[in-house]
Structures are given as structure tokens and as C-alpha cells.
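Only the coordinates and a few stated rules stand behind these numbers; no lab work does. Computed from a predicted model, the values in this text were never measured in an experiment. Backbone-built Cβ (ideal geometry, glycine too); neighbour counts: all protein chains shown.
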Amino acid sequence: MKKLSLYVDGGSRGNPGPSGIGVVIFNEKGQKIKEFDKYIGIATNNIAEYTAVIYGLQEALMEKADAIELNIDSDLVVQQLKGGYRVKNPNIRPLFEQALHLISGFKKVDIKHIPREDNHEADRLVNKAINLGGLL
């Protein structure tokens with residue numbers, strides 16, 4: 001079974017405001033195998049967080065992972081994906097449903113809420129994306 005660890009983050013400057021995502025993927029040995037950032041335009045923090053989750057899950061599926069550890073610093077997103085909180089915002093619902101659909105493509109999924117300071121690499125990529133996106 002191929003297991004990957006994903007660290008995902010999304011953020012906006014202003015809420016809504018210029019937004020970006022960052023994803024860092026590690027293999028079973030703890031080696032970084034991929035990282036990327038993307039400017040996603042004007043969005044809210046929660047939309048950026050979900051967009052990062054979706055991109056990370058898509059990358060893990062393309063890497064043919066069977067199992068993933070999904071590390072997220074947004075408690076709201078973690079609780080919604082685990083079924084602890086309902087998704088009330090109609091703008092978030094399609095992203096939530098897409099994330100659940102992608103999650104169903106793995107044999108084993110462990111969704112973890114991590115402190116922001118443990119997600120510094122993904123956060124760095126978010127800021128890089130927003131900084132570069134603002135130059136477009």
C-alpha cells in the first residue's frame with residue numbers, strides 16, 4: 001500500500017481577498033516528493049482551504065496513493081470533512097462534496113488538524129502564490 005502525507009493550506013489577504021493555496025506531499029520515508037502553490041484569485045479563507053484540499057487530494061490520486069494522511073490547520077475544514085460540523089455555506093458545499101468524492105478514492109484516509117506552526121511549508125507556499133498573483 002502506498003501512503004502519502006499531505007500538508008495543505010489556503011489563505012486570503014482580506015476575507016475575501018487575493019487568495020492562494022499551498023500543498024506539500026511526503027512519501028512514507030518522510031521525503032518531500034512534491035510541492036506547489038497556486039494563486040486562485042479573490043476568495044475567502046475557507047474557499048482557499050478547501051481548494052487546497054482538493055488540489056492535494058487530486059495530486060495524491062495521480063501519485064497512485066492508496067492511503068493518505070491529510071494535515072490541515074483549519075479546524076473548520078477538518079471538522080466538516082470528518083462529519084463533526086455541518087456545511088452551512090452554499091458557496092462551500094460544492095467544494096466540500098468534491099473533497100469527499102476525492103477522499104472516497106483512497107482505501108485509508110486519516111484527516112488531522114495540526115497547529116498552524118506545523119504547517120509552515122504549505123503556509124509559505126500560500127504567501128508565495130498570493131505575492132506572485134498580485135503581480136499579474
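Brief remarks on what is shown
- The one condition in (1) free of Cβ contacts under 8 Å to residues at least 60 places away in the same chain; (2) out of contact with any strand residue (DSSP E or B) (no Cβ under 7 Å at 6 or more places or on another chain); (3) of a type outside the set (Ser, Thr, Tyr) that Lys64 fails to fulfil: (1)
- Of all residues in segment 1-33, those being more than 21 Å from Glu117 (Cβ to Cβ), of a type outside the set (A, V, I, L, M, F, W, C) and touching an Asp or Glu at 6+ places or on another chain (Cβ under 6 Å) number 2.
- Conditions (1) surrounded by 16 or more Cβ atoms within 10 Å (Cβ to Cβ); (2) within 19 Å of Ser5 (Cβ to Cβ); (3) of a type outside the set (A, V, I, L, M): number failed by Gly133: (2)
- Tally, over segment 1-28, of residues that are surrounded by fewer than 19 Cβ atoms within 10 Å (Cβ to Cβ) and closer than 22 Å to Ile111 by Cβ: 5
- Here the helices (runs of 4 or more DSSP H) wholly within segment 44-119 that include at least 3 residues being surrounded by 15 or more Cβ atoms within 10 Å (Cβ to Cβ) and in contact with a Leu (Cβ under 9 Å, 6 or more places away or on another chain) are 45-62, 93-103.
- Looking across segment 72-94, the residues that are of a type in the set (Val, Ile, Thr) and over 13 Å from the mean Cα position of the chain (by Cα) come down to Val87, Ile92.
- Ile130, sole failed condition from (1) free of Cβ contacts under 8 Å to residues at least 60 places away in the same chain; (2) in a helix (DSSP H, G or I): (1)
For (1) of a type in the set (A, V, I, L, M, F, W, C); (2) under 12 Å from the mean Cα position of the chain (by Cα), each residue gets a yes or a no:
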{"position": "Phe96", "(1), (2)": "yes, yes"}
{"position": "Phe106", "(1), (2)": "yes, no"}
{"position": "Ile111", "(1), (2)": "yes, yes"}
{"position": "Arg116", "(1), (2)": "no, no"}
